[in-house]
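The structure appears right after this line, and notes come after that.
Derivation of every value follows stated rules applied to the coordinates shown; laboratory data play no part. Given the structure is predicted, the values throughout are model-derived calculations rather than measurements. Note: ideal-geometry Cβ built from the backbone for every residue, glycine included; neighbour counts use all protein chains shown.
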Amino acid sequence: MQINRGRIVTSAGEWALRLYDDWKPRLPEVERCPECNVTRPRRPTLEYRPQRIRNRQDVYHFVQSLAEESLEWLIALYLDVGFDLISVETIAQGAVDWVPVDKCKIILRGIQLGAAGFVLVHNHPSGDATPSKADWRTMQSLRRLSENYDCVLFDAFVVAKSGMRGVELF
C-alpha cells in the first residue's frame, strides 16, 4: 500500500498512474522537415516537477486519508536536501492501538533512496491525534539513531479524525 495525494493507493498500476500526474507532457508542436518540407508533430517531452514539502500542511496533504483507517499505519516521507519529496512509503501496518517500528529498516531505506532525511507519520484510529508516551519515546530514540547516519528524522506526526499533531522531538 502506498499513500499519494492524500489517499491510499492499493495497486501498482494505480500508483503508476498517480505518479504520471507528476509528469506533465508538453503538447506536441509541429515541425517541418528541412529536406522534404513535410510537417509532422514533434514527440512530446516529459517534464518532472517534484513535490516540495514546505510545511505541516504539505505533509497533511499526503497523509490525511490515514485518519479514516481502522488500524495503525506507519508512513515515511523521504526528502532530499531541498525538501523535495523522493518517496512516500508504508513502513508497517499494525493493530488498533499499536504499529511495529523497525528503526533500522526506516533509516536503511532512506540511505538507499539517497534521502537527506524523512518525516514519519502514523495514525490513531481512536480519533485522538495526541501522541502517546510510547510515540514520543520511539521517535526520540529514532531521532538519536538517525543522527548517526546521513538520513535524519526531520519530524514526526500523528494523524487522526481530530486532525494532525506533531510529536515534539526537540
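Ordered by packing density, taken as the mean number of other Cβ atoms within 10 Å over each peptide's residues, highest first, how do 156-165, 128-137 rank? The partial results should precede the final answer.
On the way: 156-165: 19.4, 128-137: 14.0.
The packing order, highest mean first, is 156-165, 128-137.
Calculate, in nm to one decimal, what residue 133 and residue 93 gain on full extension: separation in residues at 0.36 nm each, minus their alpha carbon distance. Mind dumping the intermediate values first?
Values: separation 40, 0.36 × 40 = 14.40 nm, distance 1.96 nm.
Length difference between fully extended and current span is 12.4 nm.
If each of residue 54 and residue 141 carries a label point 7 Å out from its Cα toward its Cβ, how far apart are those two points in nm?
The two pseudo-label positions are separated by 3.7 nm.
Please give the peptides 76-82, 146-152 ranked by average Cβ packing (other Cβ atoms within 10 Å per residue), highest first, as a rough proxy for protection. Could you put the intermediate results ahead of the total?
Working: 76-82: 18.7, 146-152: 14.6.
By packing density, highest mean first, the sequence is 76-82, 146-152.
Please give the contour-minus-distance gain from residue 105 to residue 168: 0.36 nm per residue of separation, less the Cα-Cα distance, rounded to one decimal in nm. Mind dumping the intermediate values first?
Details: separation 63, 0.36 × 63 = 22.68 nm, distance 2.23 nm.
Stretched fully, the residue 105-residue 168 segment lengthens by 20.5 nm.
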